[in-house]
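See below for the structure under consideration.
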Amino acid sequence: MKRFLLIIIVVAVIAGVMVFAYRAKDKTAENIPTNSSTVTDTNNVPITSKPFNQKDDDREVEISLPYIEGDQAFNAIVNERIMNGHLEQFQAIEPYEGQIYPYALSVSHAIELETPKLISVRFDIAQDTGGAHGNLVFDTVLYDRAKKRALKLEDVFTGNYAAVLSEKIRAALRHDLETREVFVEEMMLAGTEPRAQSFQFFTLRKNGVAFHYAPYEVAPYAAGTSTVELSYTELKDIIKSDYANP
């Protein structure tokens, strides 16, 4: 009888240990965070903001980056463009003797288009390094979600697109800048020469393509920034079909 009871107790203990171990394993699995490498379809993953802030006696940095959980290619492109590009250039600027205020860098972003195929992002990069006034420049990323890469002008446009863009953007800028009485022809012509570099900061929008210019690029500092949006209809002869109706 005692031997029978002992067997029952041993069996019960073993069963209890097995149940506890199974539950512990199941709970551990539930608590494992989703690793980026395990996410295969990121089209339905929302774009969030990832902040980076840094402050010391010489510099102040505030950066907001778009971030997609699981999309390593998109996140790497953004990191390379902003953190390894603009931030490194800013940090390489040597403080001057007698500097009173810390140098400042601020990077914000706007999602100008988000579809299952494309993400178009504009970055506004403000920098103050002790001059008469701060500087503002643009950067842009057009991301192909299927190809997992950033697209360039030549990926989106075809034919003699630089000449066509130059003509259309010059007409729009002339009208805008003359209306605001800040038109300087030499600056506008120099910033819109018919070459790819003149149109490198562009974003796709719902109704057209926007081209962004910082102060001094096409007009005096007092004119501020300039953006020209050309409709997809206006661009029908030079825009590739994949991007004519995003």
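Read the figures in this text as sums done on the coordinates, not as results from a lab. Nothing here was measured: the structure is a model prediction, and the numbers come from that model. A quick note on method: Cβ atoms are made from the backbone with ideal geometry, for glycine too, and the neighbour counts reach across all protein chains shown.
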Handout entry: Alpha carbon convex hull of segment 140-197, projected area averaged over orientations, nm²
Key = 4.9 nm²
Practice task
Determine which aspartates and glutamates satisfy two conditions relative to Lys236: a Cα distance under 18 Å, and not lying fewer than 8 residues away in the same chain.
Solution key: Glu154, Asp155, Glu167
Exercise for the section: Taking just the C-alpha trace of segment 154-243, give me its Rg and Dmax in Å. Expected result: 12.8, 39
Problem - Loop GluC sites (Glu not before Pro), segment 86-148, which have at most 14 other Cβ atoms in a 10 Å radius of their Cβ (DSSP) - result: Glu97
Exercise for the section: Excluding residues fewer than 8 places away in the same chain, name every one of the aspartates and glutamates whose C-alpha is closer than 14 Å to that of Lys168. Expected result: Asp176, Glu193, Glu229, Glu234, Asp237
Completion exercise
Long-range amide H partners of Thr140, meaning residues 5 or more apart or on another chain whose placed amide H is closer than 5 Å, are Phe123
Fill in the blank from the handout: Dimensionless Rg/Rh of segment 57-122, both radii on Cα and Rh by Kirkwood, sits at 1.10
Problem - Approximate spin-label separation Leu153-Lys236, in nm, with each point projected 7 Å along Cα-to-Cβ - result: 2.4 nm
Exercise for the section: Would you kindly calculate the translational diffusion coefficient of segment 38-151, applying Stokes-Einstein with the Kirkwood radius from alpha carbon pairs, for 25 °C and a viscosity of 0.890 mPa s, and quote it in µm² s⁻¹ without decimals? Expected result: 161 µm²/s
Fill in the blank from the handout: Heads up, segment 91-219 by the C-alpha gyration tensor (a ≥ b ≥ c square roots of eigenvalues; a/c under 1.5 rounded, else a/b over b/c prolate, else oblate) looks oblate
